[in-house]
Amino acid sequence: MLLRQTHGDMRQSLAHLRKATLLRPDQIKYRSALADFYDLLGFPINARSQREQIRQLEADAAATRARRRH
């Protein structure tokens, strides 16, 4: 969908995804989309980095939920 919005411009799509993660670093959906796009572009190290950050965000969210229950 993003590629359609940017008329297939990979650089512009990447810029949009990077900006989204900078503006909302806590949004897993943006990081996930960026990781997938990095995979598409052939940047597995960048994709792995985003996925590691996603796992950390998920762990932090789980810890927060656990503290609220107790």
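Counting only helices (runs of 4 or more DSSP H) that sit completely within the chain, those holding 3 or more residues that are open to solvent by 90 Å² or more (accessible area, probe 1.4 Å) and of a type in the set (D, E, K, R) correspond to 10-23, 44-69.
Contact map, segment 43-62: first residue under 17 Å from residue 18 (Cα atoms), second residue part of a helix (DSSP H, G or I) and among the aromatic types (Phe, Trp, Tyr), Cβ cut-off under 7 Å, separation 6 or more or different chains; pairs are 46/38; 47/38; 50/38.
The values are calculated or read from the model by the stated rules, or taken from the named source; none is laboratory data. Just so you know, these numbers come straight off a predicted model, no measurement behind them. Heads up, the Cβs are rebuilt from the backbone with ideal geometry, glycines too, and the neighbour counts pull from every protein chain shown. Only protein heavy atoms, including side chains, enter the accessible area calculation; ligands, DNA and RNA are left aside. Shrake-Rupley method; radii C 1.70, N 1.55, O 1.52, S 1.80 Å.
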